[in-house]
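Only one structure is covered here, and it is reproduced in the block below.
The values are calculated or read from the model by the stated rules, or taken from the named source; none is laboratory data. In this text the structure is predicted, and so the values were computed from the model without any measurement. As a convention, Cβ positions derive from the backbone with ideal geometry for all residues, glycine included, and neighbour counts pool all protein chains shown.
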Amino acid sequence: MKAKTFSGGFKFRGFKGQPNDALADSQIPRKVIIPLAQGFGNILEPMVKVGDSVKAGQIVARNDESISSPAHASISGRVVSIEKKNFFNREVPMVEIEGDGSAEYEKIPGHSADWEKLPVEKLEELLYTSGVTALDRDGIPTSFKSSVTKPKAVSDIIIHCIGSEIYNISLETLLAGKGLEKFIEGMKILRKVMSSSRIHLALNKDKKHVVEKIKSLTSELPWLNIYALAPKYPQGYDELLVPSILGKEFPFGYSAADIGVIVINVQAVIQSYEAVAEGKPLIERTVALCGPSMKNPQHIKVRVGTPLEQVLEGRLKGDKVRVVLRSLLTGFDLNDHSLPIDKTFSQIIAIPDNDDREFLAFLRPGLRDNSFSNSFLSSYVVANKTADTNLYGEERPCVQCGYCISVCPVKIYPTLLDRYLRVKVDETLLRYKIYNRIECNLCSYVCPSKIPLGSNLRKGKMKMVEVGCDQYSCIKPKYDLQGLDEYKGVKVVR
Ligand code: SF4
């Protein structure tokens, strides 16, 4: 077993509100809103109209001519509206379905538990029509237009579940029951589709028992490498998995698929198996409900398209709560609870919205406040830290502690870039590798002077484009990149 990593990073410890490993089935929702662009891919064409009856599992939108994957009705019922709404900063048509309460769904025709006997073309069709191919940052390649790359061009597949965020989906929960068996079969299916690839499984080294079990069950698979990696943030990013596992340079600003590498998560592999062997379209997924403002942090199975307000009903505690998707450092604020969850939701995090000002808060050791600095007592306390929205202090001048540099996973100098940007914007910033930024925001997190380095550098990148130093033209000549012209949509974050 191989152990690889990167320099820098930060291991989060002891935050309250970690989800327990139990998996609860949520109720069949009264209504769902299906965004016609879920996960990786362009916007889809609706195949239903208002008033139509639909069955759960039925395809309600697809666009085989453009890079995308079909979307399904996740409950049975009647289409009551098709309207455009703002969904993560893009106007996306949404099909609203009023449910009839039944839990049944239509299976995908042609699936087979004996999947090994199916030809590769059939496997690809099952993966595509199930909607599973929309998952992760670059989708899953098939002979359909489900990714920027094609199956034969994939040299490596990285499957990861490292858990380096403050809150993570539990590997044990995903692999419980038949999960592990499905996961191993799912890897074999993906290997059969992308037959020239090697599979690299990157797991959390602190979960020794799971890693050892998978290792013993897969020792016969010559194309599989297993890596136990330290769960330090942001190890789960494609930009770090590719160099630390494959030793390849990452084309910053582009994606792993552009250099023939597919990065997917464990849940996507299990769902690939369920699509092919059980005929299950991607109509539900496991979501971790986390954070100190969640009454009972746990994992739930939830139908795609369920409005967030239904998922959160009776689950939040406290008067002022901020709900965030995926990551406290980089995630989206989920302010509009009428919006639906889509295929990519993994963690929903609820934290107290705390805007109280504390005088000289940054000087207090605060046992419960997380701190990178070893001068704070809290850095030696590993439990009961409470995440909230407070910065605990105001922006002050840089004290040149160098913390932002020492944690930076891509070896840039955030403080230098920030100081230069305050004076001018020119090509010098290219030499300081401003475009290698991966937006992990760890520099802002550790800065004792509360300087918003992450957002300052992001704005700096935008100014660079304005003065003609375009990221893409800088990086493109260095690589042989695939599929750049076909996909113009928004890539989904991890
Ligand atoms: S972490 Fe903040 S205070 Fe320390 S060097 Fe970086 S910018 Fe300056």
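Which condition does Glu125 not pass, out of (1) in a loop (DSSP other than H, G, I, E, B); (2) closer than 22 Å to Lys343 by Cβ, if it passes all the others?
Of the numbered conditions (1) in a loop (DSSP other than H, G, I, E, B); (2) closer than 22 Å to Lys343 by Cβ, the odd one out for Glu125 is (1).
Is there any pair with a first residue in the stretch 272-295 that is without any contact (Cβ under 8 Å) to a residue 40 or more places away in the chain and a second that is of a type in the set (Lys, Arg) whose Cβ atoms are under 9 Å apart and which are 6 or more apart or on different chains, and what are they?
That search, which allows pairs on different chains as well, returns Lys295/Arg315; Lys295/Lys317.
Go through the stretch 460-475 residue by residue and tally those that are touching a Leu at 6+ places or on another chain (Cβ under 8 Å) and modelled with pLDDT under 75. Can you show your working first?
Let us first name the residues in the stretch 460-475 that are touching a Leu at 6+ places or on another chain (Cβ under 8 Å), namely 460, 463-464, 469, 474.
Retained after the next criterion (residues that are modelled with pLDDT under 75): 474.
Counting residues in the stretch 460-475 that are touching a Leu at 6+ places or on another chain (Cβ under 8 Å) and modelled with pLDDT under 75 gives 1.
Looking at Ser346 and the list (1) of a type in the set (Gly, Ala, Ser); (2) at pLDDT 90 or above; (3) within 14 Å of the ligand (Cβ to nearest atom), which single condition is not satisfied?
The one condition Ser346 does not meet is (3).
Inspect all residues belonging to the stretch 201-216 and state whether any of them is out of contact with any Pro (no Cβ under 7 Å at 6 or more places or on another chain) and of a type in the set (S, T, N, Q).
Start the filter on the stretch 201-216 by keeping residues that are out of contact with any Pro (no Cβ under 7 Å at 6 or more places or on another chain), which leaves 201-203, 205, 207-216.
From what's left, of a type in the set (S, T, N, Q): 216.
Scanning the stretch 201-216, I find at least one residue that is out of contact with any Pro (no Cβ under 7 Å at 6 or more places or on another chain) and of a type in the set (S, T, N, Q), so the answer is yes.
Before we move on, is Gly318 farther than 23 Å from Pro35 by Cβ and at pLDDT below 95? Let's see the steps before the verdict.
On the way: farther than 23 Å from Pro35 by Cβ: yes; at pLDDT below 95: yes.
Yes; evaluated as a whole, the condition is true for this residue.
State all residues of the stretch 398-412 that are surrounded by fewer than 16 Cβ atoms within 10 Å (Cβ to Cβ), more than 8 Å from the ligand (Cβ to nearest atom) and not small (Gly, Ala, Ser); if no residue qualifies, say none.
Lys411
Looking only at the stretch 413-444, filter to residues that are away from the ligand (no atom under 15 Å from the Cβ) and among the charged types (D, E, K, R); which one of those is surrounded by the most Cβ atoms within 10 Å (Cβ to Cβ)?
Glu439
Need pairs with beta-carbon distance below 9 Å; first residue aromatic (Phe, Trp, Tyr) and within the stretch 3-14, second at pLDDT below 85 and in a loop (DSSP other than H, G, I, E, B); sequence gap 6+ or separate chains.
So the pair list comes out as Phe10/Phe372; Phe12/Asn370.
Would you confirm, using the coordinates I've provided, whether Ile199 is under 30 Å from Ser66 (Cβ atoms), crowded, with 23+ Cβ neighbours inside 10 Å and touching a strand residue (DSSP E or B) at 6+ places or on another chain (Cβ under 6 Å)? Walk me through it before giving the result.
Numbers: under 30 Å from Ser66 (Cβ atoms): yes; crowded, with 23+ Cβ neighbours inside 10 Å: no; touching a strand residue (DSSP E or B) at 6+ places or on another chain (Cβ under 6 Å): yes.
Spelling it out, it is not the case that Ile199 is under 30 Å from Ser66 (Cβ atoms), crowded, with 23+ Cβ neighbours inside 10 Å and touching a strand residue (DSSP E or B) at 6+ places or on another chain (Cβ under 6 Å).
Provide a single number: the residues in the stretch 240-255 that are surrounded by 24 or more Cβ atoms within 10 Å (Cβ to Cβ) and not in a loop (DSSP other than H, G, I, E, B).
Residues in the stretch 240-255 being surrounded by 24 or more Cβ atoms within 10 Å (Cβ to Cβ) and not in a loop (DSSP other than H, G, I, E, B): 2 in total.
Please go through the stretch 397-424 and give me each residue that is on the phi > 0 side of the Ramachandran plot and charged (D, E, K, R), ordered by number. So that I can check it myself, show each step before the final result.
Within the stretch 397-424, the subset on the phi > 0 side of the Ramachandran plot is 400, 402, 411.
Correct list: Lys411 only.
Looking at (1) in a strand (DSSP E or B); (2) over 20 Å from the mean Cα position of the chain (by Cα), which one does Gly51 not meet, given that it meets all the others?
(1)
Looking for whichever is more than 26 Å from Phe87 (Cα to Cα), modelled with pLDDT of 90 or more and assigned to a loop (DSSP other than H, G, I, E, B) here; the options are Ile438, Ile451. Which one fits?
Numbers: Ile438 fails: more than 26 Å from Phe87 (Cα to Cα).
Matching residue, one of Ile438, Ile451: Ile451.
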